[in-house]
Amino acid sequence: MFKDKKVVFSGVQPSGSLTIGNYLGAIKNFNAFSEEYQCLYCVVNEHAITVRQNPADLRKRTYETLALYMACGLDPEKNTLFVQSHVAAHAELGWILDCYTMFGELSRMTQFKDKSAKNADNINAGLFTYPTLMAADILLYQTELVPVGVDQKQHLELARDIAERFNGIYGETFVVPEGYIPPVTAKIMSLAEPTKKMSKSDENENAVVRILDPRDAIIRKFKRAVTDSGNEIRRGEGKDGIENLMSIYSAFTGKTLDEIESEFDGVGYGDFKLAVGEACADALAPVQAEFDRLMKDKAYLETVMKNGADMANYMAARTMSKVRRKIGFVEIK
Ligand code: AQP
């Protein structure tokens with residue numbers, strides 16, 4: 001069914017209840033590729049354990065993340081939806097690529113520095129080598145395009161460097177992937193600190209709007225969003241909070257930032273925040289309804305996981321065989 005199509009790969013960690021940052025920066029854009037590309041979308045649970053997880057929660061969120069992919073419109077007949085730990089080749093290639101990645105390169109990764117600061121009591125080796133596992137996720141499927149939020153750009157560039165290095169030593173082995181970063185919603189900011197990225201693991205619930213938040217919570221969080229002391233709905237210096245709300249409103253309504261500035265000319269912050277909250281809640285309502293329906297059918301979710309794992313394992317095996325041969329590992333039949 002997928003013959004000769006170029007490959008798209010992306011993943012989301014089941015490390016918390018997903019935010020509108022994950023939705024607008026990543027998942028919502030995945031749909032656009034389903035017809036033209038062979039798409040693989042993964043629940044990256046191996047990445048999630050770089051930060052300590054409660055096992056029962058991790059298990060539950062793995063189902064939820066898969067269900068959210070589908071609730072956001074990804075049809076498992078047209079996309080390979082799967083769970084990272086069901087394809088052992090991710091960890092195997094991750095280890096191999098560790099041996100082609102420099103300590104200095106990993107030390108420069110800003111996510112490692114941020115997450116080490118946040119998890120000072122658990123700066124484990126996996127947190128450090130996270131980007132090589134991510135490179136393995138991508139390179140395993142000979143991926144051409146990786147739709148991600150801008151926070152993943154540095155990791156993606158490292159994946160390209162690793163692929164080029166490996167190809168340079170052993171000859172053409174991996175496709176060197178390109179990123180697809182959405183124009184307006186590449187970085188949705190925290191509602192409490194609009195110079196900081198909105199993150200699903202943020203401890204301040206008012207900073208984060210989750211895809212599954214009830215309508216009244218969504219509207220309340222937007223009402224409380226930190227803005228500036230001015231009164232104009234426009235972009236500009238010191239207007240990070242308002243710009244963030246404008247990007248969110250733009251993404252949920254399809255209006256451009258110029259149109260939004262005209263629409264809210266002379267309107268106060270309170271009314272604007274209400275409009276953003278309502279637009280967000282309206283857009284998420286059908287996603288939430290479909291999510292609830294899917295979560296009632298665990299057996300179906302497990303069938304999707306199994307079919308996705310079969311396809312991903314099949315594709316991964318081809319790359320792994322090539323990699324093992326090139327580096328001098330003996331393969332037995
Ligand atoms: N705030 C954001 N704006 C735009 N895109 C975002 N993404 C994450 N946050 C934003 C994109 O969502 C995809 C999945 O992210 P992830 O789960 O792999 O990990 P992350 O980037 O570390 O996301 P979080 O929400 O910040 O998770 P935690 O708190 O667990 O670290 C990626 O494409 C990412 O760019």
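For a footprinting-style exposure proxy, rank H86, H155 by other Cβ within 10 Å, fewest first. Mind dumping the intermediate values first?
Numbers: H86 17, H155 23.
Listing H86, H155 from fewest to most nearby Cβ atoms yields H86, H155.
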Q) Which residue, I188, I218, I96, tops the fluctuation ranking in a GNM of the chain built on C-alpha contacts under 10 Å? A) I96
Q) Put a dot 7 Å past each Cα toward the Cβ at R215 and R318; how far apart are the dots in nm? A) 4.8
Q | Distant-in-sequence amide H partners of Q38 (H built 1.01 Å from N, under 5 Å) | A | K6, V7, V8
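Let me check I've understood the local charge: for V87, count other residues with C-beta under 14 angstrom from its C-beta, Lys and Arg +1, Asp and Glu -1. What total comes out? Please report the intermediate quantities before stating the final value.
Numbers: positive: K306, R318; negative: E46, E92, D137, D310.
Net charge in that neighbourhood comes out at -2.
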Q | Cα-projected label distance for D161 with D121, points at 7 Å along beta-carbon direction, nm | A | 3.3
Q: Select from I162, A89, F174 the residue farthest towards the positive end of the dipole of the chain; place +1 on Cβ of Lys and Arg, -1 on Cβ of Asp and Glu, and compute about the Cα centre.
A: A89
Q) If you find the alpha carbon centre of segment 288-333 and of segment 246-270, how far apart are they in angstrom? A) 41
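May I ask what percent, to the nearest 5, of DSSP beta bridges between residues of the chain are antiparallel? Each step should come with its number before you reach the end.
Working: 2 of 18 bridges.
In the chain, DSSP labels about 10 percent of beta bridges as antiparallel.
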Q: For the chain, find the longest principal axis of its Cα atoms and tell me its angle to the long axis of helix 153-170, 0 to 90°, nearest 10.
A: 20
(Q) Given R₀ = 45 Å, what would the calculated FRET efficiency be for K326 paired with A285, taking r from the Cβ atoms and rounding to 0.05? (A) 0.35
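For A56, what is the net charge nearby, where nearby means another residue's Cβ is under 15 Å from its Cβ and Lys, Arg count +1, Asp, Glu -1?
Numbers: positive: R52, R59, K60, R61, K298; negative: D57, E64.
Local charge sum for A56: +3.
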Q) Check S190: other-chain or 5+ apart residues with amide H under 5 Å from its amide H, H built from backbone geometry? A) K196, K197, M198
**Q.** Where labels lie 7 Å past Cα in the beta-carbon direction, separation of N231 and S262 in nm
**A.** 2.4
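If Lys and Arg each add +1 and Asp and Glu each add -1, what is the summed charge of the other residues whose beta carbon sits under 14 Å from the beta carbon of S262? Walk me through the intermediate numbers first.
Working: positive: R234, R235, K255; negative: E232, D258, E259, E261, E263, D265.
Neighbour charge sum, excluding S262 itself: -3.
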(Q) What are the ³J(HN,Hα) couplings of segment 48-60, residue after residue, when phi is run through the Karplus curve with 6.51, -1.76, 1.60 and θ = phi - 60°? Round to Hz, x for glycine and proline. (A) 4, 7, 5, 10, 4, 10, 6, x, 5, 5, 4, 4, 4
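Computed from the coordinates by the stated procedures, all read-outs in this text should not be read as laboratory data. Because the structure is predicted, anything quoted here is derived from the model rather than measured. Every residue, glycine among them, receives a Cβ derived from its backbone with ideal geometry; neighbour counts consider all protein chains shown.
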